[in-house]
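Chemist: If you scroll down you'll find the structure; I have some questions about it.
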Amino acid sequence: MSDLKNELRLIAVEVNELLSRYIEIHNAVFKFSWRKIIPLPFVFKSINFNDLHSRAKQILSELEACNQQINSLIEDTTQKESRFAHFLSEYCGALIKTVSLLKEILHQLHLKSENSSKYNLSKYNKQCDLYNEAVNKYSSMGGRLNELYSEFNQ
């Protein structure tokens, strides 16, 4: 196996790990919980938006680094590797956009929780609509990426 192919495989694994970390943050904010519906003081656990924002910021930085690595390798790839690398780069781009939108929502929610923001429901809903579009985009690309990854590893 070529070093380039192995490098692309390692980047793909790293992107998958970053996706898992991002999903943990997404679930902490958006996953259904009875605690969010019935905020009883002894049951309610507040969400630390600042911590989630910091984690999203770190993931975003790592995704951008992965995308730069992919783009630096593309020129030296075979046709099969190139197809996979280009799509992985597109997927990274979609994930970067998604995490970036989530990071901004988390930042605004943190400021709101500190009573230092005029973040209203209308702005929140607009940001969530953009975020959900981004989630749908990267999600719809996932199946194709998995197919290309399987072909790439044959």
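Chemist: When residues of region 136-154 are filtered for being in contact (Cβ under 8 Å) with a residue 40 or more places away in the chain and part of a helix (DSSP H, G or I), how many remain? Talk me through it step by step, then tell me what you get.
Modeler: Residues of region 136-154 that are in contact (Cβ under 8 Å) with a residue 40 or more places away in the chain, as a first pass: 137-138, 141-142, 144-145, 148-149, 151-153.
Cutting the leftovers down to part of a helix (DSSP H, G or I) gives us 137-138, 141-142, 144-145, 148-149, 151-152.
Summing the residues that are in contact (Cβ under 8 Å) with a residue 40 or more places away in the chain and part of a helix (DSSP H, G or I) in region 136-154 gives 10.
Chemist: Working carefully through the options 80, 103, 112, find the one that is at pLDDT below 90, part of a helix (DSSP H, G or I) and surrounded by 14 or more Cβ atoms within 10 Å (Cβ to Cβ).
Modeler: Details: 80 fails: surrounded by 14 or more Cβ atoms within 10 Å (Cβ to Cβ); 103 fails: at pLDDT below 90.
When all the criteria are applied, what remains is 112.
Chemist: Can you give me the number of residues within region 60-77 that are assigned to a helix (DSSP H, G or I) and open to solvent by less than 30 Å² (accessible area, probe 1.4 Å)? Quick ask: steps written out before the conclusion?
Modeler: Initial filter on region 60-77 (assigned to a helix (DSSP H, G or I)): 60-76.
Applying the additional criterion that residues be open to solvent by less than 30 Å² (accessible area, probe 1.4 Å) yields 60, 63, 66-67, 70, 73-74.
Final tally of qualifying residues: 7.
Chemist: Please work out which one of (1) at pLDDT 90 or above; (2) closer than 29 Å to residue 73 by Cα; (3) surrounded by 11 or more Cβ atoms within 10 Å (Cβ to Cβ) is the condition residue 51 fails and give its number.
Modeler: (2)
Chemist: Residue 8 passes all but one of (1) of a type in the set (A, V, I, L, M, F, W, C); (2) over 23 Å from residue 134 (Cα atoms); (3) open to solvent by 90 Å² or more (accessible area, probe 1.4 Å); (4) modelled with pLDDT of 65 or more; which number fails?
Modeler: (3)
Chemist: Same structure again: Give me the pairs: first residue in region 74-92 and within 19 Å of residue 61 (Cβ to Cβ), second residue part of a helix (DSSP H, G or I) and open to solvent by 40 Å² or more (accessible area, probe 1.4 Å), beta-carbon distance under 8 Å, and six or more apart or on different chains, which are they?
Modeler: 89/71
Chemist: Quick check: is even one residue across region 126-134 crowded, with 18+ Cβ neighbours inside 10 Å, part of a helix (DSSP H, G or I) and of a type outside the set (S, T, N, Q)?
Modeler: Kept after step one, since they are crowded, with 18+ Cβ neighbours inside 10 Å, are these residues of region 126-134: 131, 134.
Next, from what is left, pick out any that are part of a helix (DSSP H, G or I): 131, 134.
Okay, now just the ones that are also of a type outside the set (S, T, N, Q), so 131, 134.
Yes - at least one qualifying residue is present in region 126-134.
Chemist: Write out, first by first residue and then by second, each pair whose Cβ atoms fall under 7 Å of each other, whose residues are 6+ apart or on separate chains, and whose first residue, in region 1-19, is touching a residue at least 24 places away in the same chain (Cβ under 8 Å) while the second is open to solvent by less than 40 Å² (accessible area, probe 1.4 Å) and polar (S, T, N, Q).
Modeler: 4/77
Chemist: Kindly provide the set of residues from region 83-100 that are open to solvent by 70 Å² or more (accessible area, probe 1.4 Å) and closer than 24 Å to residue 150 by Cβ, ordered by number.
Modeler: 83, 86, 90
The values are calculated or read from the model by the stated rules, or taken from the named source; none is laboratory data. No experiment lies behind these values; they were computed from the predicted model shown. Reconstructed Cβ throughout: ideal geometry from the backbone, glycine too, with neighbour counts over all protein chains shown. Accessible surface areas use protein heavy atoms only, side chains included; no ligands, DNA or RNA. Shrake-Rupley method; radii C 1.70, N 1.55, O 1.52, S 1.80 Å.
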